[in-house]
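Contents: one structure, followed by commentary.
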Amino acid sequence: MTELAERLQLAQSTVTELVRRAEETGLLEREQSHTDARVVHLRLTPEGSRRLELAYTGLATERSQLREAFQHLDEGL
C-alpha cells in the first residue's frame, strides 16, 4: 500500500480506502504475500480490467472531441 500511495502521490489512508472500496465492488483482489506478511499483492479482477479498458477508450473519445472544439475556437480568432 505504501508503494501504491507513493506512486499515486496520495496519503496511505486514502489509498487504503480506495483499495477497500475497489475490493467491495469486485474491481480488485488483494492477496497477502506468502513470503512477507507486510506485502500485499493487488490485481485487477476481470471486471476491473474491463472497466479500465472502457475508461481509456472513453478518454480517447473525449480527447478527440476536445481537440476538435479547440480547433474550432482557433479558427474563430
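The values are calculated or read from the model by the stated rules, or taken from the named source; none is laboratory data. On a predicted model such as this, the values are computed, not experimentally measured, just so you know. Here Cβ is always computed from backbone atoms with ideal geometry, including for glycine, and neighbour counts include all displayed protein chains. Just so you know, the surface numbers come from the protein's heavy atoms only, side chains and all, with ligands and any DNA or RNA stripped out. Shrake-Rupley method; radii C 1.70, N 1.55, O 1.52, S 1.80 Å.
From its DSSP helices (H runs of at least four residues, each -39,500 (n - 2.57)), the chain gives a residue-normalised ellipticity at 222 nm of -21500 deg cm²/dmol. At a probe radius of 1.4 angstrom, the accessible area of the chain per residue rounds to 84 square angstrom.
Give me the net charge for the shell around Leu27: Cβ to Cβ below 10 angstrom, other residues only, Lys and Arg +1, Asp and Glu -1.
Values: positive: Arg21, Arg50, Arg51; negative: Glu23, Glu24, Glu29, Glu47.
Surrounding charge for Leu27 is -1.
Annotation: amide H of Leu28 within the under-5 Å range of Glu23, Thr45, sequence separation 5 or more or interchain, hydrogens built in the peptide plane. Share of the stretch 1-74's accessible area from carbon and sulfur, percent, 1.4 Å? Carbon plus sulfur share of accessible area: 55 percent.
In percent, rounded to a whole number, the relative contact order of the chain is 17, using alpha-carbon pairs under 8 Å and six or more apart.
Going from most exposed to least, what order do Thr35, Thr14 have by accessible area with a 1.4 Å probe? List each step's numbers first, then the result.
Values: Thr35 135, Thr14 60 Å².
Per-residue accessible area, sorted high to low, gives Thr35, Thr14.
Helix 12-24 and the long axis of the chain differ in direction by around 90°, with both axes built from C-alpha atoms.
Would you please name the trypsin sites (Lys or Arg not before Pro) within the stretch 12-77 that are DSSP coil residues with at most 11 other C-beta atoms within 10 Å of their C-beta?
Values: sites: Arg20, Arg21, Arg30, Arg38, Arg43, Arg50, Arg51, Arg63, Arg67; in loops: Arg38.
Answer in residue order: Arg38.
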